[in-house]
Amino acid sequence: MFNDSFLGMFAESPFAALQEHMDVGKKATVALQNFLSSAKASSWDTASQYRQEIVDLEHAADEIKNKIRTHLPKSLMMSVSREDLLDLVYTMDAIPNTAKDISGIIIGRHLEIPDQISDQFDSFSKGAIKAAKQASIAIEKVDEMQKSGFGSGDVNLLQDLVSELEKLEHDNDELEAALRNDFFTIEKDFPPVDVMFLYDIINRIGSLADISQTVGHILTRLVSK
């Protein structure tokens, strides 16, 4: 997956390797959406295939993360600090990790979403995954900005991207609150252990949007320095 020019990415742009990592994370969230659709239909064999895809992508993301950590010198003549770059990659790495955790819990218990909240759950999960895709776009744009030398309008463009991330995260918070409230009204009709795990799943899906927003905030901090 890697070659001898990996470190050379940083000479051209410190965000090139980060973009590669974020692309893997985005693919993991796409696989997660497919996994959730299969689980909703109780197509557990298909869900297992998407689960394995997520696991493979999470491993690939770990490889990239470790490669960055190993090959990024302690002192670099760059416009951004090593510590900030590592902060960003560790934050991004939480996206495929979370996708793996969500799919693992659901498939491990063959956990099904109650029909009464199924549509809400779909909207909620799609909203969180949309936020992760927006974070990927932001990483890609910053890489382009870095290579072109950060023009006068670039900071404003990045702020627009981050503002959209913040809106997506806020909207997803609203969806999560409504979903939790509606599930609360029917939770007594389901096995307590399933209820506990479903609340955990809701929390983890919501964290995808939170993590994505944090990626945007770190990018803003990097560019503003």
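Readers should treat all values here as calculations from the given coordinates under stated rules, not as data from a laboratory. Not measured: the values here are computed from a predicted model. Cβ coordinates were reconstructed from backbone atoms using ideal geometry, including for glycine residues, and neighbour counts include every protein chain displayed.
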- Selected from Leu36, Met145, Gln134, residue furthest toward positive end of dipole (the chain; charges at beta carbon): Met145
- Over 22 Å between C-alpha atoms is what I'm after, so list which of Lys67/Lys130; Lys65/Lys126; Lys167/Lys188; Lys26/Lys167; Lys26/Lys100; Lys65/Lys141 land there. Lys67/Lys130; Lys65/Lys126; Lys167/Lys188
- Acute angle (nearest 10 degrees) that the helix 16-40 long axis makes with the longest principal axis of the chain, alpha-carbon atoms: 10
- Query: How do Glu144, Glu187, Glu20 line up, fewest other C-beta atoms within 10 Å first?
  - Reply: Glu144, Glu187, Glu20
- Note on the structure: segment 15-224: relative contact order from alpha carbon pairs under 8 Å, six or more residues apart, as a whole percent, is 29
- On a 0 to 90° scale, report how tilted helix 44-71 is relative to the longest principal axis of the chain, with both axes built from alpha carbons and the result rounded to the nearest 10. 30
- Could you calculate the FRET efficiency of Asp84 with Asp62 from 1/(1 + (r/R0)^6), where r is the beta carbon distance between them and R0 is 25 Å, rounded to 0.05? 0.75
- Cα-centred dipole magnitude for the chain, charges only on beta-carbon of K, R (+1) and D, E (-1), debye, nearest 20: 540
- Which value, in debye to the nearest 20, describes the size of the charge dipole of segment 151-191 about its Cα centre when Lys and Arg Cβ atoms bear +1, Asp and Glu Cβ atoms bear -1, and nothing else is charged? 100
